[in-house]
Amino acid sequence: MSNSRIVVTGIGASSPLGGTAPESWSALLDGASGTSTLEHEWVEQYQLPVTFAAQAKVRPDTVLDRPVAKRLDPASQFALVAAMEAWADAGSPDVEPERLGVDFATGIGGVWTLLDAWDTLREKGPRRVMPMTVPMLMPNAAAGNLSLHFGARAYARTVASACASSTESIVNAVEHIRAGLADVVIAGGTESAIHPITIASFASMQALSRRNDDPATASRPCSVDRDGFVMGEGAGALILETEEHARARGAKIYGVVVGGGVTADSYHITANDPEGLGAARAVRMALAMADASPDDVTHINAHATSTPVGDPNEYQALKAVFGARVEEIPVSATKASTGHLLGGTGALEAIFTILALRDGVAPPTINITTQDPEVPFRISGSTTPLGDGQQLAISNSFGFGGHNAVAAFASA
């Protein structure tokens, strides 16, 4: 295993804030909210208790050629749109197919394809079920289709660890490159699960905000009156390669992935460890890989989903690592603006973290009315300068099943 520095040379995103990474970043800095009332007839048809979500700003089937879009579930459509942007942003690297890999995650996969096919089977019979149903619904569809589109033959891997998925994919990609298994990897994650069944299910477990009368402010991490997360959708993609490879081809460098940590709580299938032991271990692992100490961290992109229990638990985990200093580090909780993209959230937040280091500013966290004294992060409704010199940041992702994934980034 080499100690090569792994750099980010391209980024792409389709999010509730914008159809591209720059548009999403600009809207985030402006304090925009991507959450709005759902204008679908199925909201009333099924009498859903939650009537809003953070839908993607640009539908992926309006970006892709129609024949391509028809063969892909929306989750794979988002993945392809984000990856195409990232690839072009990286200068379309000239790399041998056997040295190009894909590590693309999802939490749920092709839920729309699966349930549409079930409706077709019930209403019209088996002959009307599309032959492409399984290739479209399978969780590895996004990674497989990216491998096909870009001719990636080193490997094509899918992580499905709920809301930790795409951060774990980024960590995996770093390990694959350092192991000499690829020179360039397209890493990230995607999700398109704003569907009646997922909304009903999350609402049933009391996980979603119920602010139907004010959706734009529904996601309010660390606020004393938070009442649940907001469903989001979209994808984020990053082009990763060794610094030597990037410099040899004259590529621009956004930042460096200096470390990663992946752990499991083994505590509860939906609740995270209240003491944050697994999350704290993941942070420590990421810093150890980065050969850094807690004192070196200058910014944190928190998982912070706006749930009553999750936000304080994350604070306890970070306090175990950083001590009292955790209240001095600028923290951003960007799900306030984007909602929660589930398996795609880590990749989008990794992009935001990298851009925060590039621009030297922590993005705002909107919708905080009164900050919860049990979550006393240094968090602000406006941008916060990160200061001069080298910057080091972590981005946290935690998921159902007790999954914890943390990625550490340094400025270029």
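Annotations
- Relative to its Kirkwood radius, the Cα radius of gyration of the chain gives an Rg/Rh of 0.95.
- When the P(r) is computed for the range 80-193, the part past 19 Å accounts for 49% of the Cα-Cα pairs.
- Highest average packing first - 210-219, 179-188, 13-22, 161-170, Cβ atoms within 10 Å: 161-170, 13-22, 179-188, 210-219
- Label-point gap, in nm, between Glu123 and Ser4 - each point 7 angstrom along Cα→Cβ: 5.1
- Neighbourhood net charge (11 Å Cβ-Cβ; Lys/Arg +1, Asp/Glu -1) for Tyr315: -4
- The protection proxy used here, the mean number of other Cβ atoms lying within 10 Å of each residue, ranks peptides 330-337, 140-147 as follows, highest first: 330-337, 140-147.
- Each residue was assigned an accessible area with a 1.4 Å probe, and for His245 the value is about 50 Å².
- Per atom type, the range 1-47 shows carbon and sulfur on 43% of its accessible surface, probed at 1.4 Å.
- Within the chain, percent of DSSP bridges classed antiparallel, to nearest 5: 70
- Computed from the C-beta positions of Ile197 and Asp296, the FRET efficiency with R₀ = 45 Å rounds to 0.55.
- Length released on extending from Arg247 to Ile269, taking residue separation times 0.36 nm less the Cα-Cα span: 3.5 nm
- Computed lengthening from Ala179 to Leu148, 0.36 nm per intervening residue step minus Cα-Cα distance: 8.8 nm
- Placing a pseudo-label 7 Å from each Cα along the Cα-to-Cβ vector at Asp213 and Leu115 gives an inter-label distance of 2.8 nm.
- With a Förster radius of 51 Å applied to the C-beta separation of Asp65 and Asp388, the computed FRET efficiency comes to 0.65.
- Shape call, the range 277-359: gyration tensor on alpha carbons, a/c limit 1.5: oblate
The values are calculated or read from the model by the stated rules, or taken from the named source; none is laboratory data. What you are looking at is a predicted structure, and each value in this text was computed from that prediction instead of being measured. Here the Cβ is made from the backbone with ideal geometry for all residues, glycine too, and neighbour counts use every protein chain on show. Only protein heavy atoms, including side chains, enter the accessible area calculation; ligands, DNA and RNA are left aside. Shrake-Rupley method; radii C 1.70, N 1.55, O 1.52, S 1.80 Å.
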